[in-house]
Amino acid sequence: MIDFTQSVFVIGKKTNNEIQMLGTGFLVSNNGKIATARHVIGNEDKDLVVMLPHIANINEYQDTSDTSCKFTNASVEEINPITDLCLLKTDLRFSGILPAIESLDNIQVGDKIGIFGFPHCVMGRRVLTYQETEVGAKMLLETSGIKSKYATINIQTRPGQSGSLILIRGQELLLAY
């Protein structure tokens with residue numbers, strides 16, 4: 001399994017001297033572009049931040065009492081309200097290899113997927129979590145007269161998981177949900 005601790009992040013919003021954790025995002029380019037779900041950032045696009053990794057390895061214990069964090073500012077580069085996707089721009093630089101984004105056409109119902117995200121971040125816990133499940137269905141959803149491809153995944157989600165990285169066959173597919 002690939003360790004995504006350095007390329008999956010908590011997306012937050014600066015309010016006063018605190019950061020409100022909103023959801024998950026992940027790198028899609030080595031020059032700091034991060035994908036998340038549009039509903040993670042809501043209608044506000046000011047004071048967005050990306051919290052920098054707090055662990056170096058997924059097998060480390062993650063201390064939930066450690067509320068310190070380092071962050072970098074983020075700005076909205078592009079939003080697609082039809083598909084609920086948002087691309088953020090940061091000054092992050094990543095020298096690792098990022099898997100290619102693939103089409104849902106290459107996924108079969110029943111395929112195993114892995115999810116890296118922060119499912120409890122909106123409750124104040126920054127714990128990067130890995131989960132496995134299967135694709136339960138493929139569907140077309142129509143919004144504003146435009147049909148988009150979606151997959152149903154067989155897992156009960158938590159609010160902080162929105163924007164998580166999804167992997168097919170260990171490393172071949174990245175999606176936000």
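The values are calculated or read from the model by the stated rules, or taken from the named source; none is laboratory data. All values reported here derive from a predicted model rather than from experimental measurement. Methodologically, a virtual Cβ is constructed for each residue, glycine included, from the backbone with ideal geometry; neighbour enumeration extends over all protein chains shown. Ligands, DNA and RNA are stripped out before the accessible areas are found, and what is left, the full protein with its side chains, is counted by its heavy atoms. Shrake-Rupley method; radii C 1.70, N 1.55, O 1.52, S 1.80 Å.
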Margin query: Could you tell me the ratio Rg/Rh of region 1-133? Both radii from Cα atoms, Rh via Kirkwood.
Written below: 0.95
Next item on the list: Quick one: accessible surface of Asp105, probe radius 1.4 Å, all protein chains present, in square angstrom to the nearest 10.
Entry: 90 Å²
Notebook entry, point to check: Once you list every other residue whose beta carbon is under 15 Å from the beta carbon of Arg158, what net charge do they have if Lys and Arg are +1 and Asp and Glu are -1?
Noted result: +2
Notebook entry, point to check: Okay, helix-only estimate at 222 nm for the chain: each DSSP H run of n ≥ 4 adds -39500 (n - 2.57), divide by all residues, round to 500 deg cm²/dmol; what do you get?
Noted result: -500 deg cm²/dmol
Notebook entry, point to check: Measuring from a point 7 Å past the Cα of Asn154 along Cα-to-C-beta, which residues in region 114-140 have an amide N at less than 12 Å?
Noted result: 133-137
Checklist line | Using alpha carbons only: equivalent-ellipsoid semi-axes of region 55-177, gyration tensor based, whole Å | finding: 26, 19, 15
Note to self: If you roll a 1.4 angstrom probe over the protein chains with everything in place, what fraction of the accessible area of region 3-117 belongs to carbon and sulfur, to the nearest %?
What the structure shows: 47 percent
Notebook entry, point to check: How would you rank 90-99, 32-41, highest first, on the average number of other Cβ atoms within 10 Å across their residues?
Noted result: 32-41, 90-99
Check: Per residue, what accessible area does the chain have, given a 1.4 Å probe and all protein chains present, in Å²?
Finding: 55 Å²
Next item on the list: With a Förster radius of 45 Å, plug the Cβ-Cβ distance of Thr72 and Gln108 into 1/(1 + (r/R0)^6) and report the FRET value to the nearest 0.05.
Entry: 0.75
Check: To the nearest 0.05, how large is the calculated FRET efficiency for Ser95 and Gln62 if R₀ is 25 Å and r is the Cβ-Cβ distance?
Finding: 0.55
Checklist line | When each of Lys46/Lys138; Lys14/Lys89; Lys33/Lys70; Lys13/Lys33 is checked by Cα-Cα distance, pairs over 27 Å | finding: Lys46/Lys138
Notebook entry, point to check: Relative to the Cα centre, what is the charge dipole magnitude of region 31-177, using +1 at the beta carbon of each Lys and Arg, -1 at the beta carbon of each Asp and Glu, and rounding to the nearest 20 debye?
Noted result: 20 debye
Note to self: Ratio of alpha-carbon Rg to the 2.2 N^0.38 Å globular estimate for region 47-119, to two decimals, please.
What the structure shows: 1.42
Notebook entry, point to check: Counting alpha carbon pairs within less than 8 Å and at least 6 residues apart, what relative contact order, in whole percent, applies to region 81-140?
Noted result: 29 percent
